[in-house]
Every structure is written in structure tokens, then in C-alpha cells.
1. Among (1) surrounded by 20 or more Cβ atoms within 10 Å (Cβ to Cβ); (2) within 11 Å of chain A (Cβ to nearest Cβ), there is one condition B:Gly355 misses while meeting the rest; what is its number?
2. Test of understanding: among B:Ser155, B:Ser147, which residue is hydroxyl-bearing (Ser, Thr, Tyr) and more than 30 Å from B:Thr33 (Cβ to Cβ)?
3. Which condition does B:Glu198 not pass, out of (1) part of a loop (DSSP other than H, G, I, E, B); (2) buried (at least 24 other Cβ atoms within 10 Å of the Cβ), if it passes all the others?
4. Take the conditions in contact with a helix residue (DSSP H, G or I) (Cβ under 6 Å, 6 or more places away or on another chain), more than 10 Å from every other protein chain (Cβ to nearest Cβ), more than 29 Å from B:Pro60 (Cα to Cα) and not β-branched (Val, Ile, Thr) and apply them to A:Lys103. Does it pass?
5. For the range B:207-313, which strands (runs of 3 or more DSSP E) that fit wholly inside it have 2 or more residues that are in the same structural domain as B:Leu133 (by TED's automatic domain parsing) and among the hydrophobic types (A, V, I, L, M, F, W, C)?
6. Looking at B:Leu119 and the list (1) closer than 25 Å to B:Trp512 by Cβ; (2) more than 10 Å from chain A (Cβ to nearest Cβ); (3) touching a residue at least 60 places away in the same chain (Cβ under 8 Å), which single condition is not satisfied?
7. Between a first residue in the range A:58-84 that is closer than 14 Å to B:Ile131 by Cβ and a second residue that is acidic (Asp, Glu) and crowded, with 19+ Cβ neighbours inside 10 Å, which pairs have beta carbons less than 7 Å apart while being 6 or more apart in sequence or on different chains?
8. Out of curiosity, is B:Gly179 of a type outside the set (Val, Ile, Thr), assigned to a strand (DSSP E or B) and in contact (Cβ under 8 Å) with a residue 24 or more places away in the chain?
Amino acid sequence: MSRARTLLGAVALATLALSLSACEVKNKTDNAAANQAGPPAGGPPPLPPYQMRAQIGDGDRLKPSATGEALFSNHCGACHLAAGMGTNLITAQQVAAGQPPEKGLLVNRDDLTADYVKAVVRNGKLAMPRQTRVDITDAELDKVAAFLGKGK
Amino acid sequence: MKLTLPPGLSPQNFDAAVKALQGAVGADWVMTTDQDRDAYADIYAPGPETLWGSSGAVAPQSVEEIQAVVKIANQYKLPLWTVARGKNLGYGTAAPRMPGCMVLDLGRMNKIHELDATLGYAVLEPGVGFIDLYEEIQRRKLPLMMSVPGNGWGSVLGNALDHGIGYTPYGLHATKLCGMEVVLGTGDLVRTGLGAMEKNHAWNLFPFGYGPTWDLMFSQSNLGIVTKAGLWIMPEPETSLELVFDIPNAEDIGWVVDTLTPLKLRGVVDQSIFIPSWLGKMVIKGQRKDFWDKPSAIPDWRVAELLKEHKLGYWQVALRLYGDENIVKAQAEVVKAAFKKNLAIPPIENWWRQGDPTHVMDTTLGVPSAIPLQMGDWVGGRSAHMGFSPVVPATGAHVLGQMKRSRKIISDHDVDFYASFTIGGRFCNNVNMLMYDRDKPEQIETMKKLFDALIVDAKASGYGEYRTHLGWMDGVMDTYDFNDHAFRKMNEKVKDALDPNGILSPGKQGIWPTAYAGQRGKALA
């Protein structure tokens, strides 16, 4: 089990975004005291606040006018913003693969291609469920894929 | 996934129905490619996804479009399977009970019609997710605190209508529904409660109607399509205090429940009190293989080691009080005195006051999150879960009895025991989480056998499930057998009367219309 502890230790130290163990944090932190004094020394970092997603207007979802960045935030943000479920899982994968933890956020990745993004969104991958065309339309996905697809 | 036609529908008539639907909602919102059918499949299916395969999906954006869809469905005998946002993970996701149904996806019906902080209620369409509602409340800076379930990705109304539970004083979500607008199987539009009166001001405030009160007949139901509903939301409390008790041993759950239930019934504690076992804390610390590298269940000696290593009790009660500071302080003293009789270590106390920040996992403060779904990663691969969820009286004797029996059965199947009890009042919802890798058929077979054994055992002992996966909907309905299944028969009479062609969600919760009665007992897990 020592390998497990080492890996977990590395991960826990790595990032705010990987503060998975909410209960530990909550148990050690009186919110009011923490606000005045900052987090206790030596403990895991506090969990970040809820991340608001970008708001998208009521326009035609088949011809979206919002940017790829806004569409990503709105349609993928439930899991892929800071400390989201998807971010937490990908951070662990990236760290295990020797990448820095900030690569857990899809916006920080430079190895994704637009086609890969589209394939994962429609086919799912590991914990990620397939997304329907009501979850994200093809036109919205085109813009999101173009935004995330910085790889070659 | 290849096209599965519903029983009795020819390919020609299916094509004609699809064309008619395209005319009603627009071609882009009728989704019938193989890829679309995959997207609407049950990604957690215990077995082949095709067992519960749809023929496609249709996504209307208005009540009028829903009525048009229902008219077409009746004309062509195309059965529909209604979902709000289709995120009912563990219970079938968006997939239909009967193969070949067209999924009626209400995800585009996502308007928030009213959001009233004075009286604490909202009027919502089914496509509004917990995250959507939470963000709207934050943007408008309204002093309201939602109750959210473990999976905050789904629909507010969908969860309430499926009897989902949360962790605040408003945690019994179905009881907070007030006033519904419903399209029936005939296409007729009705409003329940005081909404039966045109322009009634108290529609979403008074819990009854004039005459019989029907609202909850549309919950866990195939008797209508809820197009909007009122939902009460708790006024944001001045303060909240979390008291965290780590409970050392499995058997301690008996005295814990006997301590908490009287406090709940006396109103000292208002919330639905969630008590997860240790595995609920471990699943977010890593993967199973990091802690136990064999496929067999984690043995008791290793559990004891893990609890020690990670400073966990077998159970954790993270109880929350909500209200004015003086009242919360007084309540806390009563709670602490009650626990002191059995537990020497005082609880950890976490205060929150209005205006304090909340973090991404403050589900008991109404922050929606999908992070609890991370538990699936515990088993790795394409992970999935189901919950075996009997309801037991909220006494130590009943809770201990249920725990001992289910724990033994789960152990006999060589599966890890991961349970929670949520005290919602005079009862506990006992959820036994069963996690598996969808690419390991032997794991799925074990889970299915285990699930069957748990249902049979609970029924024999006088307990039933409150909710279940598609593959067991008939089986669990069978356990409700008083007077030769009189309850199911009554439901089926109502079903035939309101929906003569049986086109709305046939088989939902084991209720079959005459039109598809031949499908009962088919497509089981």
C-alpha cells in the first residue's frame, strides 16, 4: 500500500483543483476562523468556491452566437471547471502520467485536437458519459472543439 | 446502436412518425441516428445497453410542441419515454424501460418562470438543472438555499418527481412540489391543485386542491408529462452549524439512529440526516486498487487498518443545523448532550453565516455538484453504480437488522459493503451502493445476482425499495403484493383510462398499459 500512499501524497500536494477530500478540509477548518486567519498550516488546501458557468442567451442553439469558450463553460462546466468531477479525475490521470496538475483543466491542454474532443463528447470515455444533441448541439460542439483543440 | 422498433410498429409507420415529429419540433430535434441512440442509452446498464435501447429521441421546446408530439405518438402508436434531463444515473439514465420507445427529452424546456424569495418558491420547467437554478439564484443574489441531491447535474423536477432526496430541511424533494401542469396521454393539458382555477395566485403555495389532490400521482409515474411545477425553496438561514461525529463501529448505527430520530421528530434537527459508511469517504481518496489489490471484497482486518490509517469512523454523521444563531446554538447543545451518552469525543463544529463563502462540495449548504459521481472511479475503468434502496423504520432495531442482513448477503457475494442511511423523518432510506466496471461481465453478473438476492431478502423481512433501476422495475413492483397486487392493478386501470393507447412511458415502475401488457417481465436485468 505504500505506493498508493506515495501517489496520493503527490496528488494531494499537487493542487487546489485536486482537493478531493472535502470532509478532511471541513473537519479541520472553522469557516469563520479560516476567513480571518487563513487555512491551518500543514493541512490540505481549502476547496475552491463554486465556479459559475458562463451564461448563454436564449438564441437558436443550431446557430450559436456565443464563443467556444462561453459554450464550453456553460455546457461542459458542470464537470470541467476548477475542482469539477471531470477535472479531478483528469488531474489524477495527468499527474500519474508525469504532467503538471493544471493539465487537469481542459482549457490548459495543448494536446487535444478538435476531432478528439468531438469523439469523446459523443462516444464518452471512462467516467464521462456520451452527450446527447440536446446536451450540446453539433453546432455548439463545433465551436467548443475548435476552442479546446489546440493540438496538431 | 441499431434501431429497435417498438412492439407492433412497422418500419414504414416508424418512418412516417419520425417525419411527422420533424414537422412538429424541427428536423434537428428528432434524433434517430445510431449515435443518438447510443447517447440515450443507459451508460450504467447492468448488461447490454440494447436491453433498454430507444428508437431515438425527440426534444420539444414548448407545451404546444409536447402536445403535438403526443398527438403524433397516439396516431402512429409510437410509445414515448419521458425524461427531464435524462441524468437518472444508476436508475436507467435516459433509457426506456421498454425497448423501442422514443425518448421524449424535455431538456430544452428549461425556463424558470418564477423565482420568489419572499415566499420561497420557484415555478420551473423540467429541463432546469440544479446547476441552472443555483446559478440563477446566485446571479440575482436571492436569499434562498436549495436542497440538492448527490448528483447535481440532473433536473430539479426530474429528481423530485423520481422521489430523489437531498440533505437540507427540504431534503424530501417530492414533498416540496406544489402545483403541476401536466400533458396527459390524450394530449389534454391540466393543472393540479389551485392551478385548476385560471390565474389563481396561490397555485404554487397551497399543497392541496379543491377536491381530490392528485399531484403526486404524476411522480414515479407514467400517467402524464409534467411540463412545469412549483417547487418550494428554503429561505437562506441566518447561520448553519455542522457537527461532525465520527462513529467508530458498524453496530453503532443502532444507537446513532435511536439518538437522532427523536431529535428529528421533535424538530431539534430539521434536515434529512445522511449517514454514510466509511467507504463513502474513501472513494474520493483514490481507487480501490490503491487500498486493496485483490478482486475479492476488502476483508474486515483491512477495513480496520484503513479506518485507522485515514482516521475515519465506520460511519460519519455530518449533521447540519440551519437557522437563527441563537436557535442553532441551543439546538447544538441538545444534540451534543444526546450524543455524549454514547460517544465521549465531542463533534467538530463548522459554522457558516450568511455571506460566508461556500465551496464546491458544500452539498448540505445547497451547492450542486457532480463530484459524488467520482465514486465510480473507485472500481476504475468504465465504472458504474446502482443503489439497492430499501426503506426501513427509523429505529435502531430495524436499521441494525437491515444492515446485518444486507451486509451478510453482500459479503456472501464477495462484494464491498458501502451503505448509507438517511433519516428523513420516521423512516430511513438505506442506500447500498454497488459499483462495477461495465467492461467486466463477471462483475456485472455478480451485481445482478446480488441485487436479486437483496430484493428477495428485504421483501421477506417486510421492507421494500423506494426506487429502482429499469431492469428491476417489474420485480420490485411484484414485491408490493398486498391483496394480490391490488395497488398495481388500480394503477393500471387509471393508466388505461388516462392514456388509452398506452403511449406514455409503458412499464415505468412496473405499471403496464393494456396496449403493451405483453411486455411485462421482458427486458429484465
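1. (1)
2. B:Ser147
3. Unmet for B:Glu198, out of (1) part of a loop (DSSP other than H, G, I, E, B); (2) buried (at least 24 other Cβ atoms within 10 Å of the Cβ): (2).
4. Numbers: in contact with a helix residue (DSSP H, G or I) (Cβ under 6 Å, 6 or more places away or on another chain): yes; more than 10 Å from every other protein chain (Cβ to nearest Cβ): yes; more than 29 Å from B:Pro60 (Cα to Cα): yes; not β-branched (Val, Ile, Thr): yes.
Spelling it out, A:Lys103 is indeed in contact with a helix residue (DSSP H, G or I) (Cβ under 6 Å, 6 or more places away or on another chain), more than 10 Å from every other protein chain (Cβ to nearest Cβ), more than 29 Å from B:Pro60 (Cα to Cα) and not β-branched (Val, Ile, Thr).
5. Numbers: elements: B:225-232, B:239-247, B:273-276.
So the answer is B:225-232.
6. Result: B:Leu119 fails condition (1) only.
7. Within 7 Å, the pairs are A:His75/A:Asp135; A:His75/A:Glu140.
8. Considered against the rule, which asks whether it is of a type outside the set (Val, Ile, Thr), assigned to a strand (DSSP E or B) and in contact (Cβ under 8 Å) with a residue 24 or more places away in the chain, B:Gly179 comes out as yes.
The values are calculated or read from the model by the stated rules, or taken from the named source; none is laboratory data. Everything numeric in this text was worked out from a predicted model, so none of it was measured. Don't worry about glycine lacking a Cβ; one is built from the backbone with ideal geometry, like all the others, and counts go over all protein chains shown.
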